[in-house]
């Protein structure tokens with residue numbers, strides 16, 4: 001689940017920087033339009049659940065799932081996994097606007113309730129398939145903008161340049 005969330009969120013990041021291409025290729029924009037909100041959702045999940053420790057999520061998890069308190073301090077992996085599952089479910093439910101309610105699903109999501117789990121997994125699968133179609137088209141559209149070296153012809157020159165590579169921590173200034 002974490003891996004899929006990260007990959008979909010990475011596609012969301014790609015889509016953010018690709019908007020200028022939609023004018024030249026309206027089909028790419030048409031592929032993006034229906035997945036804009038799902039991409040935003042998975043990017044949110046990556047940011048609050050997968051990629052960062054968010055103390056607000058922890059607090060909300062124990063509020064939403066008080067039974068998680070019983071599992072605290074356990075060294076058993078299956079119990080640790082249950083707490084993580086509760087946190088994932090809580091992250092899904094926090095993608096909501098207090099005024100209008102949930103932004104993706106029509107109600108709270110309880111992943112231990114089979115219809116909710118099925119609904120979520122169907123949503124995930126549909127998002128993955130649509131994101132793959134979007135990225136496939138994005139690759140096709142951007143190929144003409146990229147200069148790929150001829151490795152057979154330029155291999156020696158590329159190898160020499162590679163040997164001169166100076167490594168340092170990447171920062172915004174060094175990118």
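If you go through the stretch 37-53 and pick out every residue that is free of Cβ contacts under 8 Å to residues at least 40 places away in the same chain and either exposed (fewer than 12 other Cβ atoms within 10 Å of the Cβ) or closer than 19 Å to residue 81 by Cβ (or both), you end up with 2. Return the only residue of 121, 138, 117, 111 being at pLDDT below 95, surrounded by 12 or more Cβ atoms within 10 Å (Cβ to Cβ) and under 22 Å from residue 7 (Cα atoms). Checking each option against the conditions leaves just 111.
Considering the stretch 81-108, and only residues there that are in contact (Cβ under 8 Å) with a residue 60 or more places away in the chain and surrounded by 15 or more Cβ atoms within 10 Å (Cβ to Cβ), the residue that is farthest from the chain's Cα centre (by Cα) turns out to be 104.
Taking the conditions exactly as written (in contact (Cβ under 8 Å) with a residue 60 or more places away in the chain and surrounded by fewer than 18 Cβ atoms within 10 Å (Cβ to Cβ)), does residue 78 satisfy them or not? For residue 78, the condition - in contact (Cβ under 8 Å) with a residue 60 or more places away in the chain and surrounded by fewer than 18 Cβ atoms within 10 Å (Cβ to Cβ) - is not met. Is there a residue in the stretch 40-55 that is over 19 Å from residue 7 (Cβ atoms) and more than 17 Å from the chain's Cα centre (by Cα)? The answer is yes, given that some residue of the stretch 40-55 is over 19 Å from residue 7 (Cβ atoms) and more than 17 Å from the chain's Cα centre (by Cα).
Only one entry of 20, 15, 24 meets the criterion of being touching a residue at least 60 places away in the same chain (Cβ under 8 Å) and surrounded by fewer than 14 Cβ atoms within 10 Å (Cβ to Cβ), and that entry is 24.
The values are calculated or read from the model by the stated rules, or taken from the named source; none is laboratory data. Remember, predicted model here, so these are calculated numbers, not experimental data. Reconstructed Cβ throughout: ideal geometry from the backbone, glycine too, with neighbour counts over all protein chains shown.
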